[in-house]
1. What are the residues whose amide H is under 5 Å from the amide H of D45, where those residues sit 5 or more places off or on another chain and H is modelled from the backbone?
2. Through the Karplus equation 6.51 cos²θ - 1.76 cosθ + 1.60, θ set to phi - 60°, convert the phi angles of the stretch 330-335 into ³J(HN,Hα) values in whole Hz; use x for Gly and Pro.
3. Over its Cα atoms, what ratio of radius of gyration to 2.2 N^0.38 Å does the stretch 199-357 give?
4. Please give me, ordered by residue number, the GluC sites (Glu not before Pro) of the stretch 209-251 that lie in loop per DSSP and have at most 16 other Cβ atoms within 10 Å.
5. Output the 0 to 90 degree angle, nearest 10, between the alpha-carbon long axis of helix 135-154 and the longest principal axis computed from the alpha carbons of the chain.
6. Of F287, F236, which has the most accessible area and how do the rest follow, probe 1.4 Å?
7. Heavy atoms of the protein only, probe of 1.4 Å, neighbouring chains included. What is the accessible area of R398 in Å², nearest 10?
8. Roughly what percent of Cα-Cα pairs across the stretch 17-176 reach past 23 Å?
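The values are calculated or read from the model by the stated rules, or taken from the named source; none is laboratory data. Remember, it's a predicted structure, so these values are computed and weren't measured experimentally. For neighbour counting, all protein chains shown are included, and Cβ atoms are generated from backbone atoms with ideal geometry for every residue, glycine included. Protein only, heavy atoms only, side chains kept; ligands, DNA and RNA dropped before computing areas. Shrake-Rupley method; radii C 1.70, N 1.55, O 1.52, S 1.80 Å.
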Amino acid sequence: MEFHNALKIGLSLAITSMAFAGGINTNTNQSVLYLRQVARDASTDVDAPYANPSGTAFMEDGLYLSINHQTFFQSRSTTVNASPIFEEGTEFKGETFVPSMPSVLATWHHGSFAISSHFGIVGGGGTVQFNDGIPSFAALMHGPLKQIESTLTDKGLKTTSSSVDISLDANAYIFGATLGAAYEWNKMVSVYAGARFNYAMNSYEGSIGNLRLNSVIPGVNPDGKEMEASKFAEVFEELAQNAKTEEERIQYATLAKTYSALNGQTSMEIDLEQTGWGITPIFGLGFQYKRLTVGAKLEYNTSIEMENDTKVNSSPLAEFNDGVKDHNDIPTLISVGLTYGVLDNARLSLGYHHWFDSKTNYKGDLEDYIDDTNEFLFGVEIDALKWLTLSGGFQVVRYGLSDEYLSDMNINLDATTVGFGFAYKATDWMRVNVAYFKSFYNDYEETVEYGVDTYSRESQGFGIGLDFRI
């Protein structure tokens, strides 16, 4: 395989959608209330504008405002075993730190009507940094690098090892702003209609280069230490300038060009941003009777066409060129939930989410390798004191992903997540929410051309929020 062809395949793997929480391309953690209790799909509290918008019709008259701040630490890694290329247990790790994931929710309720709004990061979030690259990149480089070693050795420049630097930073955000209205019928049934404007931003910075070789050359590198190809070129250029004969000058100049050409051949860079937007129609239906509240929500499929704004593309891939367009849609979501007051001061909640991923237009037709996503949620909330509420819950998410979808860049794994925290009622009009949220992922093992990959993830987050009633 030619070197550029290897890089072309490797970089193609890198430009994929990123997920943060909830579905493959969506975040459901839009409030600290969610972090500390999880099952919010029948909420009639300040987080209802996102979690259960029809529930805003059951709120008491007034103006409600919720301001939330979340911080997340994530990592995703690939460990390679049974490989002829890598040492056993070689790990490639990508780190994500999201210092601030804000969201704001507001509701105005009067009589039977409620108008509500929400702003937050509804998809993606943060930057994934692969400082040591990913194994698919390194594996694709192996053959071409061995060809370079063989070519140099055949020319009398004994070379037995080579390497290049590989780095990739990728980030993805979908910012969402929602506005809608709910109406309550006969104190038991409510309906909601609204829409969310979504603005999507992705960016990718990747580089491959700094070829290093251990060519054994008397007087230049007699010990066969690994040196940068550019250093070899500089040394031979200097020798050519100081050559005593024309024959020596030509010989050294040729070697300088050889190493310089190899360095250029193995260097590549991409730097681009993608932007796009779309509108999500949202409908809700609610039911409330005595201690039981039920909520249902439909977020319809959102078409988002992403367009490249490319600063640098020294790869042979036309898909990275400026102005190229592709899709990164948000799938249809159906959520249902119920909350039941088992005691005057204790509530149990259940929820279910279904994303129609297989009917969505993802970049590179990835939907061909995806079945729908299902998520199950459970939560409990107890008013321990008049001013203190304790809560906790968990969610189980199951993706319908195939080997063709999963890779060392697309590490979306089935998980069970727990969240817990408390609410402190500071005054009659202000409440403080504090929560901790941690996901436990199921490792996934896949046989690939260069061995066996084991994909793993870690994620934990903290949240603090302020709720106001005016």
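1. Those qualifying (amide H under 5 Å, at least 5 residues apart or on another chain) number zero.
2. Each residue's phi maps through the Karplus curve to give 9, x, 4, 10, 10, 10 Hz.
3. Expressed relative to 2.2 N^0.38 Å, the Cα Rg reads 2.05.
4. E226
5. It works out to around 0 degrees.
6. Correct descending sequence by accessible area is F287, F236.
7. 90
8. So the portion of pairs separated by more than 23 Å is 57 percent.
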